[in-house]
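Colleague: Let me begin by handing over the structure; questions about it come next.
The values are calculated or read from the model by the stated rules, or taken from the named source; none is laboratory data. Note that this is a predicted model, so its numbers are computed, not measured. Neighbour counts are summed over all protein chains in view; Cβ atoms, including those assigned to glycine, are modelled from backbone coordinates with ideal geometry.
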Amino acid sequence: MKDERDNSRAPTPTLAQGALSLALAPAAGGAVAGFACRGRPVLRAPAAGARHADQLACFPLVPFSNRVRDGVFCYRGREIRLPPNHFDPHPLHGDGWQAVWQVSEASATVAGLAYEHAGRAGWPWPYRAEQSFTLEPRGLAARLVLRNLAAEPFPAGLGFHPYFPRAGARLTTDLDGVWLSDATRIPTEWAELPAHWNFSRGLALAGLDIDHCFTGWSGEAILSWPYGSCRITAPPPLDKLVIYVPPGEDFFCIEPVSNVNDGFNLRSRGVPATGVRDLAPGEAFAVEMRLLLEGAW
């Protein structure tokens, strides 16, 4: 499928706080274009010419995280069909990451972005999404809010999709299980955490091939490099973690999310604890994530 997105129009707000800098790309899916400390990338530095959210440093997952099998699910007796939106065989990550967002607030250390989805073929329910970013003395706080503008409920999930530099990286966190997947990355069964993915003692990411949703996340993960570390924290309902470590790439992703992959269909099959939430008309759903730098940097 040809990628015909053109998200190159809006200005890029830039924030600064001490040694930290943050650049946003509202027109590219409300993405973070860069987050650095003294010029060293904390999130991956995009390649020259990158202009889409999945080529940048971090983007919002709204109104759901990850894939929906074949783009079809049923909700309250109604079949919903989502159009393909990537080179993946299954639609993924909702609408927000491919939309143009508006700047709602901007100062030296705080910025806000907003996007309104009108409701159309595909995701049929209108909603408003808002992001806020605050540069703190040693890190970044991000907040994502989804509000139902429809006259009926709809299912929802939220999350963040940050990319990190891979060279020399280790991941330390606590998890209790993983959704095993088929060849197209759709979950097939839950299993206890395999011994070879013992993240609790710190696992080097070089040479790994992972694209799974993990459960029982403690809400804290530590990424460490030879020059410093980054502590990721996210309170519930971001109690699941998608870990994406693609072979042969110079990045990896640690994604705090509220719903498991293909959660809409898993819930329809009676699978418990998918994290899918029903939003009533006018109801808002908010999540937060912090990136705290530790060590020298």
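Colleague: Please verify whether TRP123 is under 20 Å from THR274 (Cα atoms) and at pLDDT below 95, treating the condition exactly as stated.
Modeller: Criteria met by TRP123.
Colleague: Look at PRO155 and say whether it is under 20 Å from the mean Cα position of the chain (by Cα), farther than 20 Å from GLY30 by Cβ, crowded, with 16+ Cβ neighbours inside 10 Å and modelled with pLDDT of 95 or more.
Modeller: yes
Colleague: For region 76-97, give me the residue count where each residue is in contact with a helix residue (DSSP H, G or I) (Cβ under 7 Å, 6 or more places away or on another chain) and not charged (D, E, K, R).
Modeller: 7
Colleague: Select, from TYR115, TYR163, the only residue that is closer than 18 Å to PRO256 by Cα and at pLDDT 95 or above.
Modeller: From the options TYR115, TYR163, the qualifying one is TYR163.
Colleague: Filter the strands (runs of 3 or more DSSP E) completely within region 131-171 down to those with at least 3 residues that are in contact (Cβ under 8 Å) with a residue 12 or more places away in the chain and of a type in the set (A, V, I, L, M, F, W, C).
Modeller: Strands (runs of 3 or more DSSP E) meeting the threshold: 139-148.
Colleague: I'd like the full set of residues that are more than 18 Å from ARG267 (Cα to Cα) and touching a Pro at 6+ places or on another chain (Cβ under 9 Å), limited to region 77-104.
Modeller: If the condition is that a residue be more than 18 Å from ARG267 (Cα to Cα) and touching a Pro at 6+ places or on another chain (Cβ under 9 Å), then PRO83, PRO84, ASN85, ASP95, GLY96, TRP97, VAL100, TRP101, GLN102, VAL103 are the ones that fit.
Colleague: OK, next. Report every pair of residues separated by at least 6 positions or lying on different chains whose Cβ atoms are under 8 Å apart, first residue within region 54-69 and on the phi > 0 side of the Ramachandran plot, second among the charged types (D, E, K, R) and surrounded by 24 or more Cβ atoms within 10 Å (Cβ to Cβ).
Modeller: Here the result reads ASN66/ASP262, each pair linking region 54-69 to a residue that is among the charged types (D, E, K, R) and surrounded by 24 or more Cβ atoms within 10 Å (Cβ to Cβ).
Colleague: Moving on to the next point. Among the numbered conditions (1) at pLDDT below 95; (2) aromatic (Phe, Trp, Tyr); (3) over 19 Å from the mean Cα position of the chain (by Cα), tell me where TYR75 comes up short.
Modeller: (1)
Colleague: (1) farther than 28 Å from ALA142 by Cα; (2) under 18 Å from the mean Cα position of the chain (by Cα): which one isn't true of VAL68, the others all being true?
Modeller: (1)
Colleague: Residues VAL110, VAL103, VAL145: which one is β-branched (Val, Ile, Thr) and closer than 24 Å to ALA280 by Cβ?
Modeller: The conditions single out VAL145.
Colleague: Moving to a separate point now. Has region 115-129 got at least one residue that is within 30 Å of SER229 (Cβ to Cβ), surrounded by 22 or more Cβ atoms within 10 Å (Cβ to Cβ) and under 18 Å from the mean Cα position of the chain (by Cα)?
Modeller: Taking every residue of region 115-129 in turn, none turns out to be within 30 Å of SER229 (Cβ to Cβ), surrounded by 22 or more Cβ atoms within 10 Å (Cβ to Cβ) and under 18 Å from the mean Cα position of the chain (by Cα).
Colleague: Every residue in region 85-129 that is among the charged types (D, E, K, R) and either in contact (Cβ under 8 Å) with a residue 60 or more places away in the chain or part of a strand (DSSP E or B) (or both), please.
Modeller: Once the filter is applied, which keeps residues that are among the charged types (D, E, K, R) and either in contact (Cβ under 8 Å) with a residue 60 or more places away in the chain or part of a strand (DSSP E or B) (or both), region 85-129 yields ASP88, GLU105, GLU116, ARG128.
Rundown of residues vs (1) surrounded by 17 or more Cβ atoms within 10 Å (Cβ to Cβ); (2) in a loop (DSSP other than H, G, I, E, B); (3) touching a Cys at 6+ places or on another chain (Cβ under 8 Å), yes/no style:
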residue: GLY34; (1), (2), (3): yes, no, no
residue: LEU43; (1), (2), (3): yes, yes, yes
residue: ALA47; (1), (2), (3): no, yes, no
residue: ASP54; (1), (2), (3): yes, no, no
residue: ASP70; (1), (2), (3): no, no, no
